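Here the structure is laid out as structure tokens; the discussion comes afterwards.
Only the coordinates and a few stated rules stand behind these numbers; no lab work does. Predicted model only: the values in this text are computed from it and were never measured. Backbone-built Cβ (ideal geometry, glycine too); neighbour counts: all protein chains shown.
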Amino acid sequence: MDLSTRKQALEARRTELTGHLSEVEHTLDAPMPKDWEDRASERQGDEVLESLGKAELDELRRIDAALARIKAGTYGICASCGEMISDARLDLLPAAPLCKTCAAEEAG
């Protein structure tokens, strides 16, 4: 996959995430129901949305970092060892900053 295709995919995912995060924020800002049971149920839903929102914000940060690496000309180069990140890894994780070996070392 060429760099422009990867950039387009990252930008499309970024747009999707920012749109969904806006929806989550709007939902979380909605007034709580007056009924206590409804309010408890609503709070549980809010906790799920907050967790999802945090995960999406993390992904958004990774995408922004990957787009910055594209701009800097370092996309696809492992930030740890300097080796090329495999196309297969970038196909699965387009925002990956580390090669498979360095990611495994960092995780474990």
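Can you give the FRET efficiency for K54 and E105, using 1/(1 + (r/R0)^6), R0 = 22 Å, r = Cβ-Cβ distance, to the nearest 0.05?
Working: r = 26 Å, r/R0 = 1.17.
Efficiency for this residue pair is about 0.30.
Phi angles across segment 77-85 convert, under the Karplus curve 6.51 cos²θ - 1.76 cosθ + 1.60 with θ = phi - 60°, into 3J(HN,Hα) values of 10, 4, 6, 9, 9, x, 7, 6, 7 Hz, Gly and Pro given as x. Net charge around L93, counting only other residues with Cβ within less than 12 Å of its Cβ (Lys, Arg = +1; Asp, Glu = -1)? Residues near L93 contribute +2 overall.
All other residues with a Cβ under 9 Å from the Cβ of V24 taken together, and with Lys, Arg as +1 and Asp, Glu as -1, what is their net charge? Taking every other residue near V24 into account, the sum is -4. The H on the amide N of I77, modeled in the peptide plane, is under 5 Å from the matching H of I85, each at least 5 residues off or on a different chain. Here the spin labels are modelled as points 7 Å beyond Cα on the Cα-Cβ line, and at E47 and S4 they lie 4.9 nm apart. If you take every residue apart from A103 with its C-beta less than 14 Å away from the C-beta of A103, what net charge results, scoring Lys and Arg +1 and Asp and Glu -1? So the environment of A103 carries a net charge of 0.
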